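Undergrad: Here it is: the structure, laid out below.
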Amino acid sequence: MDGRLITALIVVIGVPAVLFGYIVFTERLIRLAPDRFQERLRPWVWLFPAIAFLTVFLVYPTVYTIYLSFLDKFTKNFIGLDNYIYFFTTSDTLTALRNNAIWLVLLTLFAVGGGLIIAILVDRVRYESVAKSIIFVPLAISFVGAGVIWKFMFDYRPPGQPQTGTLNGILGSVGQDPVPWLLNSPLNTVMLIVVAAWIWTGFCMVILSGALKGISTELLEAARVDGANEWQVFRGITFPLLLPTIAVVATTMVITSLKAFDIVYVMTNGAFDTEVIANRMYKELFAFGQPGRASATAVLLLLLIIPVMAVNIRRFRAQEAMR
Amino acid sequence: MEERTIRWRRASGLLAAVAILAAACSSPGTTASPAASSGASPSAAGSGGESPAASGGQIGGTVTVIGTWGGSEQESFLAMVKPFEDSTGVDVQYTGTRDINTVLSTGVASGILPDVAGLPGPGQLVEWAKAGAIKPLDDVLDTAAYKADTAPALVDLGTVDGKISGIFIKAAVKGLIWFNPEVYKGGEPATWDALTGTSPAPADKLWCIGLESGAASGWPGTDWIEDFVLRQAGPDVYDAWVAGTQKWTSPEIKAAFEAFGSAVSNAYGGSNAVLTTNFGDGGNQLFTSPPGCIFHHQASFITDFFKKQGGAKDGQFDFFRMPDINPSFAGATTGAGDLFGMFNDTPQARALMAYLVTPEAQAIWVERGGALSANTKVTTYPDDISKRSAEILASSKIFRFDGSDLMPVAMNDSFWKAILDYVKDPSQLDSILANLDTVQTSAYGG
Amino acid sequence: MSLERPTELAAVGPRSAVRGRPPVRWGRLALHAVLVILMIVWLLPTIGMLVNSFRPAADVSRTGWWTALSPTAQFTMENYQHVLAQNGLGQAFINSLFITIPATVIPIAVASFAAYAFAWMRFPGRDVLFIIVVGLLVIPLQTTFVPILRLFRDLGIAGDFLTVWLAHTGYGLPFAIFLLRNYMGGLPREVFESAAIDGASPATAFFRLALPMSVPAIAALVIFQFLFVWNDLLVALIYLGAANAPNLPLTVLVANLSNSLGGEWHYLMAAAFLSMALPLLVFFGLQRYFVRGITGGAVKG
């Protein structure tokens, strides 16, 4: 027991120390090189630890996944594009594709929009840290816990019976019939996205709030002194300065919606047309024994992200040019 | 440790900065070397037929077990292996998880496996035994005693290519009709028609049905369909259907869906309630006042839910066997069980497998409640209900294993979904069944 | 490196100017109303479970949690007692800490160097490389299990805590680099230029300027990475479950409080609250780094 705690301590202090030593040491070495090589060499030395980790844990498995996507279920025979054709000719996966599009639009809108509004509002009140903590709570709950929590939100009992679900309890108190929230498409997908937004809004809020705190207050005050109203201050100063960070959280939420899995798996497992790509992939991979089809699905996810990344490239170049 | 350090050096090209440090301090964190056990050569265990557990010898060491059991099931399993640990000195390290499919399928692909595992179903047993991941047990068990004490149907399910590869830890009997004796006093109906003709009074509806079960929603409906197929069309159609050679659109299977559909149309709360009620709460309306419905179709394990979630007291629930439908198949029963397989051939794993099939071991769980034994020598049932369930299992003339568990997982998954879709909109039955036929073509292939 | 150092660089504004003062009084009222409603909406689901976690399971199945307000409602501590009495709970908790802390520190340390290089060094292929790094975010972790597990097996470290530390580092890096690069990229160029003129090396500029000025972003990352690892079930289960079960974290034990049929889930409610306590403490503890002024003037004005 003690040995393990000591190990943890060594790792926690040791790894940053080793990295520090690595940078200082390599900096000495780089200094020995001619000037024009220094500039070329240094970035790679700094990037090396990250690239090494990424190569082993993400790039190498991805290359393997791409390879598998052309093989049959026994991962032996080459079958060309069959796995991809399967994806685009099966109704379940096409439903999943449609649902992911809904996820992408709504979750990004809810979580980024909600996070931004809350970050801006809490900035103006004295109980900011309490409010932020409350919005943040869902993020701290594990998916097992979240599944149980939302079961109590969506629970349905036949009309006339005492309701056990919070939402139907509220409906009942205003004389409405209970609604089976997770049965009817597309309401059920929207309700699942609401759960995701409940979780991820806190995430967006924390990052956006951090960026908001970085905006110089004199700037805002100066604008106000010049007679700008709050909306003009937001439009003219706050929003443009937050834009890079908004792009970061929006990109993260787009990726989160493409990868949406846990909530769907726990609550419906894709029943009643709530299927999503990642849940489908999970089933093919671990339950159905179809690593090839699962891999093709994963590769398609990778392709879907390319446009989002292209937008990011342009944004970074713009940031570069500005500063 | 020395060897590990050497290997580390070899691999350290990529992880230089972290690796040296980590290798230096990884040893205190790991007690046993887990990779060593998975790489153990079968020869280490020898080929002796006699199991060490039977001779009560001290073995020591550990055996890792992964299963799906959690909560009170986990407690019962640990109680079951306690005498084994005491007599052999082997430490049984049990991990329970519902992600067993994920753990085992990645394990089979990578070679990192528990010594012994509960298997998701007979389908995976066959697949992994054929792949050589699951080791045969013929020289591990006392084969003669095992075959003599175990229901032949269960022995067959655990046998792959003529070799015993999987054993049953416990069993459950399906197709029981539960009722509240304070409400329903009509006794056991002789026929299915007599049962469905029963007046639901004082309730409005005859059936209590709950199909929700998180990621596995729909499975209680598959039990209904299986019972209808077996009782209406008989074991040959059932076997062909499970094996993927009987079309879902065939009249026999369609009739089973329709019979289930007519039960649903006479179910408490209508289809919305049937679809959203958790199966564990499915029987709750038997015990309300006034009751919402009077019969509940479920396997033998449900009594625990009656008591914990339905608020029922002992004596408030009882059952009879689901009546026969076609007289030529009288006495047909469905059931299920928990399969175990051995992935690593170690002396500890062998001893544990040999121990688990013994009546002494299986009696422990049975006496704790919630399980029937796969071993016919076990008769120490704690109450009347489990004793009668066990008798049904033992005396059934035609016994068939839970069909959906035997189907390929992709088929089973679509079966669950089909149940839900059918209950939601019964008019779509033909297209639902046609879709199942499409899945059947691809799921069984190769 | 001291966290306090950046304050001397901070363009310190008058503290009172922090909060805007909308001219109209009812604007403030509306602001408070909106926030209070939002807080209630966000808390409602959790409160429902909190109340239910103290109710007998049979009551939870039959009546809504709000009926617990009635005088006849029954309460029980049984769920909490059951969870706290679990065998191996303490061990699993320590395992969780033991997994989470290194798996939080390592990726952030590694990412900060890479983020700085991406933000402030010029080299061919930088944008493409960066996009690839961020694009890796979309890789479903499940597809990495088999190849990585094989690698661990070949290295002979399957089942070690080291495997989860390394894996979580790899999995956590893309987002960490993404966020930090964005934050560091927004730091004012003049600061680094004047440091360079004073003869500071890139290493000095990084340790003395970039890192301290990025404290809010790092604090946010610490929180997220801590949370993800703390609440992770699958990664730990795959890398530790089959090979070395005694190393498994709290999440695996918690998920297994319910049985294979999904019964006994009422214990999950109590367990969910107990296991979220620590991440919330981390959040509260790090909140003080989210105040204005710590990187004052960091964003170009």
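Since every read-out is calculated from the coordinates, none of them should be taken as a lab result. What you see is a predicted model, and the numbers here were worked out from it, not measured in a lab. All Cβ positions, even for glycine, are placed from backbone atoms using ideal geometry, and neighbour counts span all protein chains on display.
Undergrad: Based on the alpha-carbon gyration tensor of chain C and its eigenvalue square roots a ≥ b ≥ c, which shape applies: rounded if a/c is under 1.5, prolate if not and a/b is larger than b/c, or oblate?
TA: Taking the square roots of the gyration eigenvalues as a ≥ b ≥ c, chain C is oblate.
Undergrad: With each pseudo-label sitting 7 Å past Cα toward Cβ, what's the A:I13-C:A33 distance in nm, one decimal?
TA: Calculated label separation equals 5.6 nm.
Undergrad: Based on the mean of other Cβ atoms within 10 Å per residue, sort peptides B:88-96, A:278-286 so the most packed one is first. Kindly include the intermediate steps, with their values, before the conclusion.
TA: Values: B:88-96: 20.4, A:278-286: 24.9.
Put in order of decreasing packing, that is A:278-286, B:88-96.
Undergrad: So what's region A:191-323 giving for Cα Rg divided by 2.2 N^0.38 Å, two decimals?
TA: 1.43
Undergrad: Another question about this same structure. Return the long-range amide H neighbours of B:R98 (sequence gap of 5 or more, or a different chain), with a cut-off of under 5 Å between placed amide H atoms.
TA: none
Undergrad: With the crude spin-label approximation of a point 7 Å out along Cα→Cβ, what separation in nm comes out for A:R31 versus B:D138?
TA: That separation, rounded to one decimal, is 7.4 nm.
Undergrad: Report the dimensions of region B:116-238 along its three principal axes from the alpha-carbon atoms, largest first, rounded to Å.
TA: Answer, in whole Å and largest first: 58, 35, 30 Å.
Undergrad: Now a separate question. I need the shape label for chain A. Rule: rounded when a/c is under 1.5, else prolate if a/b > b/c, else oblate, with a, b, c from the alpha carbon gyration tensor.
TA: Oblate, since a/c reaches 1.5 and b/c is not below a/b.
Undergrad: How big is the C-alpha Rg of region C:164-301 next to the rule-of-thumb value 2.2 N^0.38 Å, as a ratio?
TA: 1.43
Undergrad: Enumerate the amide H contacts of B:V63 below 5 Å, restricted to partners 5 or more residues apart or on another chain; note that Pro and chain-start residues carry no placed amide H.
TA: Residues meeting the amide H criterion: B:D91, B:V92, B:Q93.
Undergrad: A further question follows. Taking Rh as the Kirkwood radius, which is the inverse of the mean 1/r over Cα pairs, what is the Rg/Rh value for the protein assembly as shown?
TA: Details: Rg = 30.4 Å, Rh = 31.0 Å.
A ratio of 0.98.
Undergrad: Another question, then. Would any residue of region C:257-290 have its amide N under 16 Å from a label point 7 Å out along Cα→Cβ of C:M77? List them or say none.
TA: Inside the label zone: C:270-271, C:274.
Undergrad: For peptide A:36-49, what's the mean number of Cβ atoms from other chains within 10 Å of each residue's Cβ? Could you put the intermediate results ahead of the total?
TA: Working: counts 0, 0, 2, 4, 4, 1, 6, 13, 3, 2, 13, 14, 7, 13.
Rounded to a whole number, the mean comes out at 6.
Undergrad: Calculated FRET efficiency, C:R122 and A:N229, Cβ-Cβ r, R0 45 Å, to nearest 0.05?
TA: Here the calculated transfer efficiency is 0.60.
Undergrad: Per-residue mean of other chain beta-carbon atoms within 10 angstrom of the beta-carbon, peptide C:194-203?
TA: Working: counts 0, 0, 0, 0, 0, 0, 0, 8, 8, 10.
Mean partner shielding for this stretch: 3.
Undergrad: If you don't mind, there's one more thing I want to ask. Using alpha-carbon positions, what is the distance between the centroids of region A:4-45 and region A:115-144, in Å?
TA: Each part's Cα centre sits 37 Å from the other's.
Undergrad: Suppose R0 equals 30 Å; then what is the FRET efficiency for C:F284 and C:L44 from their Cβ-Cβ distance, rounded to the nearest 0.05?
TA: Calculated value: 0.90.
Undergrad: Continuing with the same structure: Give a residue-ordered list of calculated ³J(HN,Hα) values for region B:333-349 (Karplus: 6.51 cos²θ - 1.76 cosθ + 1.60, θ = phi - 60°; whole Hz; x for Gly, Pro).
TA: 9, 9, x, 8, x, 9, 8, 10, x, 10, 9, 10, 7, 10, x, 5, 5
Undergrad: Now a separate question. Enter the Cα centre distance for the pair region B:290-349 and region A:157-206, rounded to the nearest angstrom.
TA: One Cα centre to the other: 33 Å.
Undergrad: Continuing with the same structure: Please list, ordered by chain and number, the residues whose modelled amide H lies under 5 Å from the amide H of B:L119; skip anything fewer than 5 residues away on the same chain.
TA: Under 5 Å from the amide H of B:L119: B:L339, B:F340, B:G341.
Undergrad: Ok, one more. Which lysines, on any chain, are close to A:K132 with Cα under 18 Å apart, when same-chain ones fewer than 8 places away are left out?
TA: A:K213
Undergrad: At R0 = 35 Å, how high is the FRET efficiency between B:K254 and A:T89 if r is their beta carbon distance? Nearest 0.05 is fine. All intermediate terms of the calculation are to be shown ahead of the outcome.
TA: Details: r = 26 Å, r/R0 = 0.75.
Using R0 = 35 Å, I get an efficiency of 0.85.
Undergrad: What helices in chain C pass both tests, a Cα length along the helix axis of 18 Å or more and a mean Kyte hydropathy of 1.6 or higher, using whole DSSP H runs?
TA: Helices meeting the span and hydropathy rule in chain C are C:215-231, C:266-286.
Undergrad: Determine which lysines satisfy two conditions relative to B:K377: a Cα distance under 21 Å, and not lying fewer than 8 residues away in the same chain.
TA: Reachable lysines: B:K82, B:K147, B:K170, B:K174, B:K387, B:K397.
Undergrad: I've got another one for you. Of the listed pairs A:K76/B:K424; A:K151/A:K259; B:K205/B:K313; B:K313/B:K417; B:K205/B:K308, which have alpha-carbon separations greater than 29 Å here?
TA: A:K76/B:K424; B:K313/B:K417
Undergrad: I'd like the projected area of region A:160-233, averaged over all directions, using the convex hull of its alpha carbons. Report it in nm² with one decimal.
TA: Values: hull surface 34.1 nm².
Dividing the Cα hull surface by four gives the mean projection, 8.5 nm².
Undergrad: Which shape class, rounded, prolate or oblate, goes with region B:276-320 when its Cα gyration tensor gives a ≥ b ≥ c as root eigenvalues, a/c under 1.5 marks rounded, and past that a/b bigger than b/c marks prolate?
TA: Because its axes are fairly even, with a/c under 1.5, region B:276-320 counts as rounded.
Undergrad: Counting just the Cα atoms, what span does region B:214-256 cover along each of its three principal axes? Round to the nearest Å and put the largest first.
TA: 32, 19, 16
Undergrad: Let me know the volume per residue of the alpha-carbon convex hull for chain B, in Å³.
TA: Roughly 169 Å³ of hull volume per residue.
Undergrad: How large is the charge dipole for region C:31-178, taken about the Cα centre, if only the Cβ atoms of Lys, Arg (+1) and Asp, Glu (-1) carry charge, to the nearest 20 debye? Show your work: numbers first, answer last.
TA: On the way: 6 positive and 5 negative charges, 44 e Å.
Computed about the Cα centre, the dipole is about 220 debye.
Undergrad: Once both labels are modelled 7 Å past Cα along the beta-carbon direction, what's the A:T55-C:A277 spacing in nm?
TA: 4.5
Undergrad: When Lys and Arg each count +1 and Asp and Glu each count -1, what net charge do the other residues less than 15 Å away from A:L167, Cβ to Cβ, add up to?
TA: Here the count lands on 0.
Undergrad: Average partner chain C-beta neighbours within 10 Å, per residue of B:79-87?
TA: 0
Undergrad: Net charge within 13 Å of B:L339 by Cβ-Cβ distance, Lys/Arg positive one each and Asp/Glu negative one each, not counting B:L339 itself? Write down the numbers at each step before the final one.
TA: Numbers: positive: B:K170; negative: B:E127, B:D156, B:D338, B:D402, B:D405.
Combined, the nearby Lys, Arg, Asp and Glu give -4.
Undergrad: Let me ask something else. For region A:22-64, what D do you get in µm² per second when you plug the Kirkwood radius from alpha-carbon pairs into Stokes-Einstein at 37 °C and 0.692 mPa s?
TA: Working: Rh = 11.6 Å.
It diffuses with D of about 283 µm²/s by this estimate.
Undergrad: What ranking do B:325-338, A:145-158 get when scored by the average of other Cβ atoms within 10 Å per residue, highest first?
TA: Result, highest mean Cβ count within 10 Å first: A:145-158, B:325-338.
Undergrad: Here's another thing I want to ask about it. Of the listed peptides A:210-222, B:235-247, A:168-180, what is their order by residue-averaged count of other C-beta atoms within 10 Å, with the highest listed first?
TA: Descending mean neighbour count gives A:210-222, B:235-247, A:168-180.
Undergrad: Give, as a single signed number, the net charge of other residues whose beta carbon lies under 10 Å from the beta carbon of A:R98, with Lys and Arg counted +1 and Asp and Glu -1.
TA: -2
Undergrad: Which value, in debye to the nearest 20, gives the size of the charge dipole of chain B about its Cα centre, when Lys and Arg are +1 and Asp and Glu are -1 at the Cβ?
TA: For this selection, approximately 620 debye.
Undergrad: Provide the per-residue ³J(HN,Hα) series for region A:272-288, in order, calculated from phi with Karplus coefficients 6.51, -1.76, 1.60 and θ = phi - 60°, each as a whole number of Hz, with x at glycine and proline positions.
TA: Taking θ as phi minus 60°, the curve returns 6, 6, 9, 4, 10, 4, 5, 5, 4, 4, 4, 5, 4, 6, 9, 9, 7 Hz for region A:272-288.
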